[in-house]
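Worksheet: the structure to be examined is printed underneath.
The values are calculated or read from the model by the stated rules, or taken from the named source; none is laboratory data. Worth saying up front: this structure is predicted, and the values here are computed from it rather than measured. Here Cβ is always computed from backbone atoms with ideal geometry, including for glycine, and neighbour counts include all displayed protein chains. Note: accessible area is taken over every heavy atom of the protein model, side chains too, but ligands, DNA and RNA are not part of it. Shrake-Rupley method; radii C 1.70, N 1.55, O 1.52, S 1.80 Å.
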Amino acid sequence: MGELVRAAAGPAIALMIIGFFGGYALVGPNGVLAWGDYRQELVRKQVELARLEAQKRVVQNRVALLDPRRANPDLADELIRKRLGYSHPDEIIIPMDGDQAAQ
């Protein structure tokens with residue numbers, strides 16, 4: 001009986017090790033079942049990336065409009081009025097041509 005236990009111990013330990021690694025490959029954090037979670041996370045990150053890229057384009061546009069060499073006068077006026085407190089949050093600023101403003 002003792003000899004039978006000793007003879008079965010090696011294969012039993014080997015099967016336990018194989019079972020452990022097999023289970024880990026199936027349900028572990030990098031396993032087959034985690035694949036769906038990774039795909040969902042990828043989709044969420046792609047949506048977030050698209051949102052951030054759109055926000056980046058808006059910021060890049062504003063930076064280009066405020067370039068000191070060729071600043072957009074309307075945007076500069078709007079920002080100055082807001083910063084100095086000459087505009088209200090609900091105010092709509094309508095730019096006019098110089099000829100019309102003199103009338």
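Quick notes
- Kyte-Doolittle mean at least -1.0, axial Cα span of 20 Å or more - DSSP H helices of the chain: 2-27, 35-65
- The slack in the chain from residue 6 to residue 54, taken as 0.36 nm per residue of separation less the alpha-carbon distance, amounts to 10.5 nm.
- Mean residue ellipticity at 222 nm, helices only, the chain: -24500 deg cm²/dmol; runs of at least 4 DSSP H residues each add -39,500 (n - 2.57), and the sum is divided by the number of residues.
- Apportionment of accessible area to carbon and sulfur, the chain, percent (1.4 Å): 63 percent
- DSSP-loop chymotrypsin sites (Phe, Trp or Tyr not before Pro) across the chain, with at most 15 other Cβ within 10 angstrom: 86
- Summing charges over neighbours of residue 56, with a neighbour being any other residue whose Cβ is under 15 Å away from its Cβ, gives +1 when K and R count +1 and D and E count -1.
- Heavy atoms of the protein chains alone define the surface here; on that basis the chain has 92 Å² accessible area per residue at 1.4 Å probe size.
- Distance in nm between pseudo-label sites at residue 70 and residue 47 (7 Å out along the Cβ direction from Cα): 3.9 nm
- Qualifying trypsin sites (Lys or Arg not before Pro) for region 1-70 [loop in DSSP, other Cβ within 10 Å: at most 13]: 69, 70
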